[in-house]
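The values are calculated or read from the model by the stated rules, or taken from the named source; none is laboratory data. Keep in mind the model is a prediction, meaning the values are calculated, not measured. Heads up, the Cβs are rebuilt from the backbone with ideal geometry, glycines too, and the neighbour counts pull from every protein chain shown. Just so you know, the surface numbers come from the protein's heavy atoms only, side chains and all, with ligands and any DNA or RNA stripped out. Shrake-Rupley method; radii C 1.70, N 1.55, O 1.52, S 1.80 Å.
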Protein chains: 2
Amino acid sequence: MRYFVITGHRAATTGDFKLDDITGGAGRLDILCRCVNSSFFLSHNLRRNVDVYLVLQGGDAAPKTVRFCGGEMRYLNPDERSTSSLIRNALLKKLPEHGEVRASPGVYISRMSFDEVLAHLSDKGTFVHLMEDGTDCREYVFPEDPIFVLGDDRDLTSEEEASLLAYGPDRIRLGPLSLHADHCIIVAHNEMDRRQAADQSF
Amino acid sequence: MRYFVITGHRAATTGDFKLDDITGGAGRLDILCRCVNSSFFLSHNLRRNVDVYLVLQGGDAAPKTVRFCGGEMRYLNPDERSTSSLIRNALLKKLPEHGEVRASPGVYISRMSFDEVLAHLSDKGTFVHLMEDGTDCREYVFPEDPIFVLGDDRDLTSEEEASLLAYGPDRIRLGPLSLHADHCIIVAHNEMDRRQAADQSF
């Protein structure tokens, strides 16, 4: 499995935003939608071996986490508007104190915080932190189940970074220039795809 | 310079579509918007050495081409809605028979067809065709001014491909899996960024 955790520092935690205004009105939810696109889409196919955790932390309310599960996904389209509609639909669900609620096929929502998402994932794979001074991804031995943790348009906060560092993540860099989160996901996928195909004819 | 030509086979050639419906109503203009995003955006920066040509060919009317010029660009935001608004604004301009009209800073529109765009670019660089049986991009010697030609969610038509092949394009592949056009642009940029940085500390 390939896991991606993206923190939406200002992202809406309630579903009362307009789909016409997902940048400002929903706290840069557009960035998270593009990360979902990058995580899952292949040409005429979806990556089934991917789970994405969007940690929505905007406003004063407690955070919520929307999980996209590649193995169960249906109705996912590549455009930002339809993905933000899936997220809004999830945010409109009544939530228990603990546990996930299924909002639509492959889309789940919970009250998990960033720290709780990391704790939840910590026994599922190896954390990978994208850092400009990390190992070049082309020289990196990828774990079988990498868990990439990314900020939206802002880096992880110092508290988030401390939480991640407590798990001793691997540190890699993807190239010489600093990229948007959704673009980082594409480059990471390409490198992993090449490794997996290395024994084949490619 | 890095040039990207993307053909929008069904993309609107008039500005009478709604920004709420750029997927169906504007002929998958969302795909072209994501290609613009991938072509230009770096983290907190724009790639100034990029020109993008969107060839809009939907409907029965003659095609139009919207050109995004990185060197002159302002007001470009990464979300699909705002980019489609720039395109719609360009489509609402009154156009002469020949030549480009400036619609907003760095955004131009003309009546150029796919063939005319290729002819216009043919003395500016070397055409690059993304093909699954091409040379692996990691083993490819990139020209100084590559001109990538991509389809939207559909491959080039046989007529478009014949036009491109007449220029004897280089043929490269980006990885073992077939990707969306906007994702291809990210992988190509990453490879070229690495080449350009190879003499530096990276």
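Given the condition away from every other protein chain (no Cβ under 14 Å), closer than 30 Å to B:Thr14 by Cβ, in contact with a Cys (Cβ under 9 Å, 6 or more places away or on another chain) and in a strand (DSSP E or B), answer yes or no: does some residue in region B:120-131 qualify? No, that holds for no residue. Candidates A:Asp153, A:Asp145: the one that is open to solvent by 10 Å² or more (accessible area, probe 1.4 Å) and closer than 20 Å to A:Arg10 by Cβ is A:Asp153.
Looking only at residues of region B:50-63 that are open to solvent by 30 Å² or more (accessible area, probe 1.4 Å) and modelled with pLDDT of 95 or more, we find that the one that is farthest from the other protein chains (Cβ to nearest Cβ) is B:Ala62. Among residues of region B:25-42 that are at positive phi, those with a Cβ under 6 angstrom from a residue that is open to solvent by less than 10 Å² (accessible area, probe 1.4 Å) and small (Gly, Ala, Ser), sequence gap 6+ or separate chain, pair up as B:Gly27/B:Ala11; B:Gly27/B:Gly58. Residue-level check: of (1) open to solvent by 10 Å² or more (accessible area, probe 1.4 Å); (2) farther than 21 Å from A:Asn37 by Cα; (3) within 11 Å of another protein chain (Cβ to nearest Cβ), B:Cys137 misses just (1). Could you list all residues from region B:156-202 that are polar (S, T, N, Q) and either open to solvent by less than 60 Å² (accessible area, probe 1.4 Å) or not in a loop (DSSP other than H, G, I, E, B) (or both)? Of everything in region B:156-202, those that are polar (S, T, N, Q) and either open to solvent by less than 60 Å² (accessible area, probe 1.4 Å) or not in a loop (DSSP other than H, G, I, E, B) (or both) turn out to be B:Thr157, B:Ser158, B:Ser163, B:Ser178, B:Asn190, B:Gln196. Name the pairs whose Cβ atoms lie under 7 Å apart, with the first residue in region B:86-105 and modelled with pLDDT of 95 or more, the second crowded, with 16+ Cβ neighbours inside 10 Å and assigned to a helix (DSSP H, G or I), and 6 or more positions between them or separate chains? From residues that are modelled with pLDDT of 95 or more, the pairs are B:Ile87/B:Leu29; B:Ala103/B:Ala90; B:Ser104/B:Leu86. Within region B:119-134, does at least one residue satisfy the condition of being in contact with a Pro (Cβ under 9 Å, 6 or more places away or on another chain) and of a type in the set (S, T, N, Q)? Checking region B:119-134: at least one residue is in contact with a Pro (Cβ under 9 Å, 6 or more places away or on another chain) and of a type in the set (S, T, N, Q).
Residues are listed down the side, and each one gets a yes or a no for (1) among the polar types (S, T, N, Q); (2) within 11 Å of chain A (Cβ to nearest Cβ):
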{"site": "B:Ser158", "(1), (2)": "yes, no"}
{"site": "B:Glu161", "(1), (2)": "no, no"}
{"site": "B:Gly168", "(1), (2)": "no, no"}
{"site": "B:Arg171", "(1), (2)": "no, no"}
{"site": "B:Leu174", "(1), (2)": "no, yes"}
{"site": "B:Ser178", "(1), (2)": "yes, yes"}
{"site": "B:His183", "(1), (2)": "no, yes"}
{"site": "B:Glu191", "(1), (2)": "no, yes"}
{"site": "B:Arg194", "(1), (2)": "no, yes"}
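For region B:2-49, give me the residue count where each residue is open to solvent by less than 10 Å² (accessible area, probe 1.4 Å), touching a Gly at 6+ places or on another chain (Cβ under 7 Å), outside any loop (DSSP other than H, G, I, E, B) and more than 13 Å from every other protein chain (Cβ to nearest Cβ). Looking only at that region, the number is 2.
Scanning region B:74-90 for residues that are surrounded by fewer than 19 Cβ atoms within 10 Å (Cβ to Cβ) and of a type outside the set (Phe, Trp, Tyr) yields B:Arg74, B:Asn77, B:Ser82, B:Ser85, B:Asn89.
Tally up the residues in region A:100-112 that are under 24 Å from A:Leu164 (Cβ atoms) and open to solvent by 30 Å² or more (accessible area, probe 1.4 Å), please.
Of the residues in region A:100-112, 4 are under 24 Å from A:Leu164 (Cβ atoms) and open to solvent by 30 Å² or more (accessible area, probe 1.4 Å).
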